[in-house]
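Quick notes on the structure that follows.
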Amino acid sequence: MSLPEVPSALPRVLYIRGGALGDFILTLPVIRHLRRAMPKAHLEVMSQRGWVDLALKAGLADAVRPLGDVRMARFFARGGQIDPALAAEIGRCTLVISHLYDPDGILRENMQRIGVRTFLQAPHQVLPGQGHACQQLGRPLEQLALFLEDGDWRAPLFACPNVPQAAARRVAIHPGSGSPMKNWPLERWLAVAQAIRAQDPEVEVVFLSGEAEEERGTLPADLPFPRWHQVPLAELADRLCGCTLYLGHDSGVGHLAAACGLPCLLLFGPTDPALWAPPQAGVRTLRAPGGDLKCLPVEAVRDTALALLEDSHRPN
């Protein structure tokens, strides 16, 4: 992918992030901190196609690159023949920060071979007992004397337009995630949705679904609620901004909703919310007993969701 010319006097930074959607969104506060510290740099973000658009939407990147570019594979072969055009583009970077797994330092070696001046290896995974995921992901910036403070990673990432109160009475429910073990049973989500509609018939309840739900047949065709299916992430962020409340699991979409500043109730099973919950204010979590979501009763989720919905309708 050919990118516009950047004045040579400007620092050029490439930030590379692999992993799942939630991993990418958890890294956006780190990229935002870097953006604020280097406002005149040309900052490019490389990640999965579709996800990188969120970096543009948040105003954190000047350009994006797809991580799936087949030419990138050569960077993981020692002495690999790098595509000349790609080498010329990336070689102009004064700083590359990468979260890709590179145990033998081959990526670093090839980056430096094509002219990258500074290469920072960032963690490719988050470990328990070392702080929240955002804190761990941001620690490599300390080598640049950039320290991530609480406010840097807890604030929303997307500036949502003002939505009229009448249009904002909507609850979004995403009953899926990337792992079936992280999903609460669908019939319980439907019971919560029915309880919301019974408490306030003026509230619209919509269900969200994507490729994972389609492959597993999570949502039936006769679902008695509107459905947003496979909405592009940037558009989904806009739609979530028009909601009153989001209900879901430890998933990428849950992180997206929280990054929009939306009040969220997220259910956690085998994963630890102290490590993985979205850091933004307004996020409420419920963890299943023993990490088994089948042990989380409907009443606990229903009552918490109804209370959060009631709070959201109270005037400030």
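FYI, it's all coordinate maths here, none of it is from the lab. Keep in mind that what you see is a predicted model, and the values were worked out from it rather than measured. Neighbour counts run over all protein chains shown; Cβ positions are idealised from the backbone, glycine included.
At a glance:
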| item | result |
| --- | --- |
| Loop GluC sites (Glu not before Pro), the stretch 187-277, which have at most 12 other Cβ atoms in a 10 Å radius of their Cβ (DSSP) | Glu202 |
| Spatial separation of Cα centroids for the stretch 249-268 and the stretch 15-50, in angstrom | 19 Å |
| Theoretical FRET efficiency, 1/(1+(r/R0)^6), r = Cβ-Cβ of Leu223 and Asp303, R0 30 Å, to 0.05 | 0.80 |
| P(r) histogram, all alpha-carbon pairs of the chain included - 20 Å bins from 0, percent | 31, 53, 16, 0 |
| Around Ala87: net Lys/Arg minus Asp/Glu count, Cβ-Cβ under 12 Å | +2 |
| Net charge over other residues, Cβ less than 10 angstrom from the Cβ of Glu109 (K, R count +1; D, E count -1) | +1 |
| Modelled FRET efficiency - R0 45 Å, Leu127 with Leu56, Cβ distances, 0.05 increments | 0.90 |
| Ranking of Asp200, Asp222 by count of other Cβ atoms within 10 Å, fewest first | Asp222, Asp200 |
| Free-standing Cys residues across the chain, given no other cysteine C-beta under 4.7 angstrom | Cys93, Cys134, Cys243, Cys260, Cys264, Cys295 |
| Taking the convex hull of Cα positions in the stretch 12-154, its mean projected area over all directions (nm²) | 8.2 nm² |
| Inter-site label distance for Arg117 and Arg49 at 7 Å from Cα along Cβ, in nm | 3.3 nm |
| Overall form of the stretch 165-312 per C-alpha gyration tensor (a/c, 1.5; a/b vs b/c) | rounded |
| Under 5 Å, built H, 5+ apart or other chain: amide partners of Phe207 | Ile173, Arg227, Trp228 |
| The chain: relative contact order as a whole-number percent, Cα under 8 Å and 6+ apart | 16 percent |
